[in-house]
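Everything below concerns the one structure shown next.
The values are calculated or read from the model by the stated rules, or taken from the named source; none is laboratory data. Only a predicted model underlies this, so the values are computations on that prediction, with no experimental measurement involved. In this analysis, Cβ positions are derived from the backbone assuming ideal geometry, glycine residues included, and neighbour counts consider all displayed protein chains.
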Amino acid sequence: MTEKALYSADLERAVLCALIIDPKKLNDVLEHISDPVVFYVSKNQLVYKAMLNLYEKHQYFDLVMLADEVKDPVYVAELTNMAITSAHVVDHAAKLYDLYVRRELRKACEKSIELISNNDESLADTVASVDALVMTAAKKIKNTEIADMETLAAERFRKYVSDAAKGKVFEGFRTGFVDLDYLVEGFGLGENIILAARPSMGKTALALNIARNVAGSGIPVIIFSLEMRKERVADRLLCAEAGIDSKDYRNRILTDESFKRLEAALNKLIDLPIKIVDGTITTADIKSLIAREANKKWPLLVVIDFLTLIADKRTANMSAHEHFGGIAKKIQFMAREFNIPIMLLAQLNREVEKRSDKKPFLSDLRESGNIEEAADKVLFIYRDDYYNEDSKDKGIAEIICAKNRDGEIGTVKLAWQPKYVKFLNLAYQ
């Protein structure tokens, strides 16, 4: 396909002619063409830029003003010779924008082929670069929709009636922890949920417990394990499901009774729709795998353990604050794009340990500013018995909801069983 196939000089001139005839149509055309670069022919870019400048200054322009601004009265006069009206100018503008995005996509593909052929970067870096190029072009696709309140409110009302009739309490997934679900209303579709704690608090255990509960309701789960090998994740799921001592399991000294429970746990887990991915993984890898799995069954829950191990390349002039905040923002965009909840695990900084009150705050998130902004919900885990031997709350974990974009914040308590690496509802411990 030649370059000419992805532009139309006649269509460009038709749009410009229509705007000269009826300058007020520029407001409608701007919905599709806000930048002169959308036009392929350089002269047409100059004319459209002049129109934008004049309209910004005067909210109006005519043939004389435009010719003076462009400094090419002959070409402007030629545009008016077309036998055209302004009736279809918005449709023509939409078509021009479509052609522009296709040109940008082709440029991205050509550059991608060049990167692949040069073989100058590692394979992972090349994949990330190619993904960035294509995504930059793809982001130019306009998917913004304006909804009037009459339509939107009616749709939401019908959704409520339908869900209520089915006994559906909220949109999204239940975590399987009753008090937590009541507080945060589950994990909503399109949400980025940050689960953070200091080391050894049980954030991976809680994430795996939630993943198992969600999968148990028939919803597919993908776990990106960047800290532990997939075999170790499977071990944890087996021990938690069977309710057996993880230390005895690792040392291969299970009693006959414990072994029977392990077999029963295996029979339950093998039927669950859980997939585990480990190794060195970038946000491009995560997005690619989500897209592949989402095409098979929808919706799904994604768990990423954890943020600072995502292997995106950090530029030399970028701070850790900006780098990890940018990654968290990419994860948030993925949740929105695929309309799925993503649970992203994160570490809390060491400042927590220096305080007498060890309960975490939002400011304790590592590189907290950007990460917090990218979160719809922020959950912390705090166990008093970790810090105080004589704690009255032995075996109790507090799950602190420090941010909830669409609901309440607060604290709920769960039972913590370290031998089984498992959290339970307090009423069922």
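Report yes if Ala284 is in contact (Cβ under 8 Å) with a residue 12 or more places away in the chain, of a type in the set (Gly, Ala, Ser) and in a helix (DSSP H, G or I), otherwise no. Yes; evaluated as a whole, the condition is true for this residue.
Residues in segment 83-98 that are closer than 14 Å to Arg13 by Cβ, under 30 Å from the mean Cα position of the chain (by Cα) and among the aliphatic types (A, V, I, L, M): Leu96 alone. Filtered by the rule that a residue be closer than 16 Å to Asp131 by Cα and either out of contact with any strand residue (DSSP E or B) (no Cβ under 8 Å at 6 or more places or on another chain) or among the basic types (Lys, Arg) (or both), segment 307-328 gives Ala311, Asp312, Lys313, Arg314, Gly326, Ile327. Does at least one position in segment 332-348 carry a residue that is under 27 Å from Ile396 (Cβ atoms), out of contact with any helix residue (DSSP H, G or I) (no Cβ under 6 Å at 6 or more places or on another chain) and outside any strand (DSSP E or B)? Yes. When the helices (runs of 4 or more DSSP H) confined to segment 1-98 are screened for residues that are among the polar types (S, T, N, Q) and either in the same structural domain as Cys109 (by TED's automatic domain parsing) or surrounded by fewer than 20 Cβ atoms within 10 Å (Cβ to Cβ) (or both), those reaching at least 2 such residues are found at 42-58. Scanning segment 250-267 for residues that are in a helix (DSSP H, G or I) and either over 16 Å from Lys422 (Cβ atoms) or in contact with a strand residue (DSSP E or B) (Cβ under 6 Å, 6 or more places away or on another chain) (or both) turns up Asp256, Glu257, Phe259, Lys260, Glu263, Leu266, Asn267.
Only one of Ala335, Ala374 is touching an Asp or Glu at 6+ places or on another chain (Cβ under 9 Å), buried (at least 17 other Cβ atoms within 10 Å of the Cβ) and small (Gly, Ala, Ser); which? It would help to see each step written out before you state the result.
On the way: Ala374 fails: touching an Asp or Glu at 6+ places or on another chain (Cβ under 9 Å).
Only one candidate qualifies: Ala335.
The set of residues from segment 232-263 being surrounded by fewer than 16 Cβ atoms within 10 Å (Cβ to Cβ) and among the hydroxyl-bearing types (Ser, Thr, Tyr) comprises just one member, Thr255. Total residues in segment 183-231 satisfying the condition of being crowded, with 22+ Cβ neighbours inside 10 Å, outside any loop (DSSP other than H, G, I, E, B) and not hydrophobic (A, V, I, L, M, F, W, C): the figure is 5. Any residue at all in segment 152-167 that is part of a loop (DSSP other than H, G, I, E, B) and among the aromatic types (Phe, Trp, Tyr)? Scanning segment 152-167, I find no residue that is part of a loop (DSSP other than H, G, I, E, B) and among the aromatic types (Phe, Trp, Tyr), so the answer is no.
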